[in-house]
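Below: one structure, written as structure tokens.
The values are calculated or read from the model by the stated rules, or taken from the named source; none is laboratory data. This one's a predicted model, so the numbers in the text were calculated from it and none came from an experiment. For neighbour counting, all protein chains shown are included, and Cβ atoms are generated from backbone atoms with ideal geometry for every residue, glycine included. Please note that ligands, DNA and RNA were not included when accessible areas were found on the heavy atoms of the full protein model with its side chains. Shrake-Rupley method; radii C 1.70, N 1.55, O 1.52, S 1.80 Å.
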Amino acid sequence: DHAVRYVEDSSNLLPMFLRNRVRHDLIPHIETDYQEKIQTLLARLASVSAEEEDFIEQMTLKAWDRVLAEECDYGITFHIKNLLEEHPIIQYRMIRKAAEKLGAVRQIDFAHGERIQSLLKEHGKRAIVLPKGIEVRRERNVLYVSSMSLRGGRRPTKQSQNRSEIASAPITFDRRSP
């Protein structure tokens, strides 16, 4: 058990920060007028969400080898047929994990996931560009996720790397508001 020492920061009282307005205004208002156990309920929700996050991450890691076609320093290629057999949240997580591996840490959000879903379902050759110059391109039966800056015009080619090295990279949601 890691004991974390509580530190009072003078900014914790300033109403200019949303976190403080939630803590000092919204939560007490909800406790008084709607649900007196809101803090307990939110703590429970956070705990359940952490467990679900862990489960989804485990499922993503298991799916990685089933879906991965090849990888190199500047890109990762997935078999579209295998990717489409996965649950949509796993599809999103796989693309996000690939993008994060290529340097787009925390920039891929739900709206990007919807665009990627659309790309997966369409036939033909099409591409979308994500933040940090990450290109997701569909060609025939494969989906390329590559870094435009790292690849210099090249497509990912077969160069085996340790798949468990990529699969073990942690994935996290961007918890910032859009």
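One table, with the values for the structure above:
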item: Asp65 accessible area, assembled protein chains, probe 1.4 Å, Å²; result: 90
item: Whole-Å semi-axes of the range 24-146's equivalent ellipsoid (Cα gyration tensor); result: 36, 16, 13
item: Under 5 Å, built H, 5+ apart or other chain: amide partners of Leu130; result: Glu135, Val136
item: Per-peptide average of other Cβ atoms within 10 Å, ordering 39-52, 86-99 highest first; result: 86-99, 39-52
item: Radius of gyration and maximum dimension Dmax of the range 1-78, Cα, Å; result: 20.7, 56
